[in-house]
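What follows draws every value from the coordinates through simple rules; no lab data is involved. Just so we're clear, the structure is a prediction, and the values are computed from it rather than from any experiment. As a convention, Cβ positions derive from the backbone with ideal geometry for all residues, glycine included, and neighbour counts pool all protein chains shown.
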Amino acid sequence: MFHVDPSRGSVVLEKLLGKDYSGIISCDFWGAYRKFERLSSAELQFCWAHLIREVKFLAESKDKKVSRYGKRLLKRIQSMFSTIHRKDELLERNWLRRMRNHRELILREAWRRIPSDKDAINIAERLWTWREEYFRFIDTDIPPTNNLGEQSIRRVVLDRKVTQGTRSDWGNRWLERFWSVLSTCEQRSIDVMSFLKSCIESVLHGLAPPSLLSD
C-alpha cells in the first residue's frame with residue numbers, strides 16, 4: 001500500500017504502475033498525476049474534498065464578490081453530496097439523472113459572475129478543463145474523494161514527523177511493508193499482533209508465511 005521515494009514526480013508512478021496502466025487513480029490536483037495521465041492509459045478522479053477546501057477559502061474571503069461566488073459554488077457542491085449520500089435510497093437511473101444534473105449546475109455556477117480574483121478564476125477554469133476528471137465517479141464505482149487514502153497515510157505522516165524517517169533504502173523498504181501490513185489488517189479487521197506473531201512463527205518453523213491477499 002505504501003512506497004517511500006525522495007521524488008514526488010511522475011517517474012515514481014511510471015516505476016510503480018507502468019505506462020500501460022489503464023486503471024483509475026483517485027488523487028489530488030498534484031501535477032505528477034496529470035503528467036502521468038498524459039503518458040499512460042490511466043484515468044484520474046480528482047478529489048472533491050481538496051477542491052471543497054479551496055472553495056471554502058473563497059467563501060471566507062473578505063472580498064464580498066469573491067465570498068458570494070464561493071458560497072454559491074459551495075452550495076451547489078453541497079447539494080451534489082446530499083444526493084451522493086442518498087445513493088442507496090434511490091434507483092440507479094434516478095441517481096444518475098440527478099448526478100448529471102448536479103454536474104451541469106456546478107459547471108454553470110462555476111462560470112457565472114466570476115469575480116476578478118485569481119483563485120476564483122483558477123477554480124472555474126479547472127472545473128471546466130478537468131470536468132471529466134472531477135465527475136468521472138458518477139459513471140464508475142470510485143468514490144468522489146480520496147479520503148480513504150488520506151486516512152491511510154495519516155499514521156505515516158505522524159511517524160515521519162516524530163522519527164524524522166529513515167536514512168537508508170533498506171529502512172524505507174521495511175517501513176513500506178510494515179505500514180502496509182498495519183493498514184491492510186485494519187481494513188480487514190485482522191488483529192495486527194496476531195498476524196505479526198504468525199509471521200515470526202512461520203519463519204522459525206520453516207513454514208509458508210501467512211498472506212493478507214484476498215481469496
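Of note:
- Residue in the stretch 84-95 that is touching a Pro at 6+ places or on another chain (Cβ under 8 Å), in contact (Cβ under 8 Å) with a residue 40 or more places away in the chain, surrounded by 12 or more Cβ atoms within 10 Å (Cβ to Cβ) and of a type in the set (Val, Ile, Thr) present: yes
- Counting only residues that are among the polar types (S, T, N, Q) and more than 12 Å from Ser41 (Cβ to Cβ), the stretch 8-28 holds 2 of them.
- Count of the stretch 136-159 residues which are polar (S, T, N, Q), over 19 Å from Leu182 (Cβ atoms) and without any contact (Cβ under 8 Å) to a residue 60 or more places away in the chain: 0
- Qualifying helices (runs of 4 or more DSSP H) (wholly inside the stretch 108-215; at least 2 residues being over 30 Å from Leu91 (Cα atoms)): 118-129, 147-163, 169-187, 192-204
- Conditions (1) assigned to a helix (DSSP H, G or I); (2) basic (Lys, Arg); (3) more than 22 Å from the chain's Cα centre (by Cα): number failed by Lys62: (1)
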